[in-house]
Amino acid sequence: MFRDVTYEIDYYQREYTWGEDEVRMLLLDLCGSFRNRSLNPSYLRRPQTAPQYFLGLFVYYEPSKNRRYLVDGQQRFVTLHLIFLQLRLVAQERADHRAVDRLNRVITTDGEHFSLGITDHEPVLRAATQARRYESGVGDSPGSAWRRSRPARWRNRSSSPTRRRRRVPPAATAGR
């Protein structure tokens, strides 16, 4: 789902609005699911036999190879990327090079460009990858995402620039 593809969000999509409660609920659900798997010795020996986790639907259209526009699932998708960025920071602190490499393959398309290809979100994502504060305007979506992705001890400031609006491609308006 995340490899070798750039996901973008069209202008008609709402801004990122998930708060701590939604992120916490997703994390608790993910942790509970994977904790149950880790308690089953047969899944540890053969992880491919474990039941799949259903994260919900991600609806997108693909105007070209390796480029997808999310239509539904943006909140979960952005949140997952923020979680991946935080997990990568933890893996870097622990010098877990294998985990860093695996997360890099999900977070970026080529080691440099983010899989979440929203130009206006890039400064926020860069700040998250470097574990540094992100400063910007008040009340904008990517900055809110960055604040929510950080541990509580780091929260108290930041936001980001408003996302540029793109024109709706004809394929997205067909049948409306």
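The values are calculated or read from the model by the stated rules, or taken from the named source; none is laboratory data. Not measured: the values here are computed from a predicted model. Note that each Cβ is placed from the backbone with ideal geometry, even for glycine, and that neighbours are counted across all protein chains shown. For accessibility, only protein heavy atoms count, side chains too; no ligands or nucleic acids. Shrake-Rupley method; radii C 1.70, N 1.55, O 1.52, S 1.80 Å.
Using a simple charge model, +1 on the beta-carbon of Lys and Arg, -1 on the beta-carbon of Asp and Glu, nothing else, what dipole does segment 1-79 show about its Cα centre, in debye to the nearest 20?
Details: 11 positive and 10 negative charges, 122 e Å.
Dipole size: approximately 580 debye.
So what's the net charge close to A99: Lys and Arg +1, Asp and Glu -1, counting the other residues with Cβ under 12 Å from its Cβ?
+2
What net charge is computed for the residues neighbouring F84, neighbours being all others with C-beta under 11 Å from the C-beta of F84, Lys and Arg scored +1, Asp and Glu -1?
Numbers: positive: R88, R102, R105; negative: none.
Its environment carries a net charge of +3.
Got a number for carbon plus sulfur as a percent of segment 1-127's accessible area, 1.4 Å probe?
Working: 3970 of 7560 Å².
After summing per-atom areas, the C and S share lands at 53 percent.
Which loop-located GluC sites (Glu not before Pro) does segment 11-52 contain, where loop means any DSSP state but H, G, I, E or B and the Cβ has at most 16 other Cβ atoms within 10 Å?
E15
Just the accessible area for L28, please: 1.4 Å probe, Å², rounded to the nearest 10?
120 Å²
Please work out how much length the chain gains when fully extended from T129 to R14, using 0.36 nm per residue of separation minus the C-alpha to C-alpha distance, in nm with one decimal.
Extending this stretch completely gives an extra 39.0 nm.
Determine the sum of side-chain charges near F54: Lys and Arg each +1, Asp and Glu each -1, restricted to other residues whose C-beta is under 14 angstrom from that of F54.
Combined, the nearby Lys, Arg, Asp and Glu give +1.
Which FRET efficiency value, to the nearest 0.05, do you get for R98 and V5 by plugging their Cβ-Cβ distance into 1/(1 + (r/R0)^6) with R0 = 35 Å?
0.95
Under the 0.36 nm per residue contour assumption, what length would be gained going from the current alpha-carbon distance of R46 and M25 to full extension?
4.8 nm
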